[in-house]
Amino acid sequence: MKKILHLILLAMIALPIHVSASVVSTQSYTKESNPDIIIKHVYKEAKLEGIINYQVFKDGYNAYFETEGRQKQLLTIIDYGRPSTKERFFVIDLKRNKLVYKTFVSHGVNSGGKQATSFSNTVDSRQTSLGTFLTDTTYYGGNGYSLRLDGLTHGVNDNARRRYIVIHGAEYATKSFIKRNGYLGRSWGCPALPTELSREIIDMIKGGSVIYATA
């Protein structure tokens with residue numbers, strides 16, 4: 001009997017480990033529990049190496065689990081540390097551990113030229129805000145189909161509603177604009193996406209998914 005139990009234990013140890021956000025609860029996932037092994041596994045399985053900096057992903061993953069009220073197992077990371085001519089808007093499905101979208105995204109006209117260097121939470125600053133956001137509902141406005149955002153980082157982006165910071169599509173946020181001008185166009189602070197992708201991305205991430213913006 002002992003021999004059989006020993007064989008069963010060995011078989012269980014030999015089984016491949018599969019970890020995703022769908023099987024990790026917020027109660028078991030804390031910074032004190034040293035979740036690096038989980039984050040590294042998701043990073044590897046989603047094939048993010050060479051696409052998203054590991055530390056940026058780790059910070060975004062932690063922000064996801066610290067966000068109350070999230071409704072979707074999706075994490076969007078915006079890496080404003082990259083120039084606007086590089087893809088820096090990433091949507092990751094944490095249920096399947098899969099990168100779903102990577103594309104261009106604009107920054108505010110007063111945040112910098114090709115590279116964003118200044119950030120603000122101030123109304124009328126026309127600068128980009130960093131921090132953690134939670135997506136809300138959609139609407140049609142001056143920039144077409146748009147997605148409302150709630151800024152969750154106190155003093156950093158919690159004026160997002162007052163500033164009308166939303167995700168929307170823009171012709172100046174396209175690859176063709178970069179080819180013509182050598183840089184991506186800039187917004188008044190909104191993370192504008194290429195028009196050909198904006199609607200499908202908005203429809204995927206709307207309704208309570210986490211966005212983590214860093215630089």
* Cα gyration tensor shape for segment 68-215, rounded if a/c is under 1.5, else prolate or oblate -> rounded
* Structure fact -> Any aspartates and glutamates whose Cα falls less than 18 Å from that of Lys114, other than same-chain ones fewer than 8 residues away, would be Asp79, Glu87, Glu171
* To do: Straight distance only, please: which aspartates and glutamates reach the Cα of Lys44 with their own Cα at less than 18 Å, same-chain residues fewer than 8 apart left out?
  => Asp36, Asp59, Asp93
* Label-point separation, Asn181 to Val109 (7 Å along Cα→Cβ), nm -> 1.0
* Asked: Hey, can you rank 148-160, 127-139 by average C-beta count inside 10 Å, highest first?
  -> 127-139, 148-160
* Shape of segment 74-144, Cα gyration tensor, a/c cut at 1.5 -> oblate
* Asked: To the nearest 10 square angstrom, how much accessible area does Arg186 have with a 1.4 angstrom probe?
  -> 90
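Taking R0 as 22 Å, what FRET efficiency do you get between Asp36 and Val100 from their Cβ-Cβ distance, rounded to the nearest 0.05?
The formula returns an efficiency of 0.40 here.
The values are calculated or read from the model by the stated rules, or taken from the named source; none is laboratory data. Please read these numbers as outputs of a predicted model, since none were measured by experiment. Counting neighbours? That spans all protein chains shown, and the Cβs are built from the backbone with ideal geometry, glycine included. All accessible areas refer to the heavy atoms of the entire protein, side chains included, with ligands and DNA or RNA removed. Shrake-Rupley method; radii C 1.70, N 1.55, O 1.52, S 1.80 Å.
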